[in-house]
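The values are calculated or read from the model by the stated rules, or taken from the named source; none is laboratory data. A quick note: this is a predicted structure, and the numbers were derived from the prediction, not measured. Here the Cβ positions follow ideal geometry from the backbone for every residue, glycine too, while neighbour counts run over all protein chains shown. Note: accessible area is taken over every heavy atom of the protein model, side chains too, but ligands, DNA and RNA are not part of it. Shrake-Rupley method; radii C 1.70, N 1.55, O 1.52, S 1.80 Å.
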Amino acid sequence: MKKKTNENLRNKYLLIALSVLCAILIAVSFFEGSLVSPVKQISGFFITPVQRGISGFGSWLSGLTDNFQDAVSLREENTSLQERVDTLTEENSRLIQDREELDRLRELYDLDQQYDEYEKVGARIIAKESGNWFNLFTIDKGSADGIEVDMNVISGGGLVGIVTEVGSSWSTVRSIIDDNSNVSAMVSTTSDQCIVGGDLRLMDEGSLNLLSLTDSENNVHVGDSVVTSYISEKFLPGILIGYIDELNNDANNLTKSGYITPVVDFRHLQEVLVILETKEYVAPSEDGGIVQTGTVSQSEVSQSEPLTETESETQAQ
């Protein structure tokens, strides 16, 4: 009980002391500023650093909030810009493809004008044999478009190959670089006859075989153009094949052999032109006379094994 009384007395004394202190401060506030100044300086000494700290923390917090908002805004802007870049990249890629296709179609148009004596139909390549080269491939046009077996195929400035099989909406083409291909050809400047033989191994070096060239007067030179011959059984005459890049005398000293560079890029074919006309067919009789003239029909070809140009040359000899 006594302990509780002492605690009450201490509380009363503390209350009286605080009241007196407040009264003194109130009284001091009525005096002139010179008397109040020391009190202000003492209070400022303790309060000012606290105010500065609070102000600095508020500024830092405000800056952090601004930076966060800026980061969010930049992230959204970056996302928008990236989508725009992706769109522009896709559009640019499409424009490049369109430009390349336009260049190829212009090339085909120029080729069409170069051989304007023939009726032609354009076709796209839709499949090919495995490997790097277009030696055997399929196009998206067939008998419904007037295509028949043995029709000549051109692209890229010259001869590509010949149609070997036809469906209603597709056709198979064997190009002149195929190992089984032989084309009766001639040098355009001299009309000397030769054979152009396909060889896929040589194509890795960009060349085709030039065989059995008859050049007794040595008028044929490197750089001369080679075209299809008028004596070819299946290829129309005068279609450019390529240019001679090497010539050598054969062991018999009667003919020459070498290599030519084809004018067609057989690694990147996409579109071709099919000449809607077959070579005029002339069949010799056993006594050397002519028994039939005209064009080779699809039914006639299908009834017999296809002849290579080498076989036709042998028969002519």
Yes or no: segment 281-301 includes at least one residue that is open to solvent by less than 20 Å² (accessible area, probe 1.4 Å), at pLDDT below 90 and in a strand (DSSP E or B). yes
All-but-one check, Gln270 against (1) at pLDDT below 90; (2) open to solvent by 40 Å² or more (accessible area, probe 1.4 Å); (3) not hydrophobic (A, V, I, L, M, F, W, C), failing number (1)
Those residues of segment 172-207 which are of a type in the set (A, V, I, L, M) and either out of contact with any Ser or Thr (no Cβ under 9 Å at 6 or more places or on another chain) or modelled with pLDDT under 95 (or both) amount to Ile176, Ile177, Leu200, Leu202, Met203
Within segment 176-211, residues closer than 17 Å to Thr255 by Cα, open to solvent by less than 40 Å² (accessible area, probe 1.4 Å), in a loop (DSSP other than H, G, I, E, B) and among the small types (Gly, Ala, Ser) come out as none
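To keep it simple, each residue is scored yes or no on (1) more than 30 Å from Gly157 (Cα to Cα); (2) hydrophobic (A, V, I, L, M, F, W, C); (3) at pLDDT 80 or above.
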| position | (1), (2), (3) |
| --- | --- |
| Val50 | yes, yes, no |
| Gly56 | yes, no, no |
| Thr65 | yes, no, no |
| Gln69 | yes, no, no |
| Thr87 | yes, no, no |
| Asp98 | no, no, no |
| Leu108 | no, yes, no |
| Glu119 | no, no, yes |
| Asn135 | no, no, yes |
The one condition Val173 fails out of (1) open to solvent by 10 Å² or more (accessible area, probe 1.4 Å); (2) within 21 Å of His268 (Cα to Cα) is (1)
Selection over segment 212-254 where residues are open to solvent by 20 Å² or more (accessible area, probe 1.4 Å), touching a Gly at 6+ places or on another chain (Cβ under 9 Å), touching a residue at least 24 places away in the same chain (Cβ under 8 Å) and not acidic (Asp, Glu) yields a count of 5
Subset of segment 108-127, residues surrounded by fewer than 16 Cβ atoms within 10 Å (Cβ to Cβ) and in a strand (DSSP E or B), comes to Val121, Arg124, Ile126, Ala127
Notebook entry, point to check: Based on what the data block shows, is Ser155 over 18 Å from Leu269 (Cβ atoms) and either of a type in the set (S, T, N, Q) or buried (at least 21 other Cβ atoms within 10 Å of the Cβ) (or both)?
Noted result: no
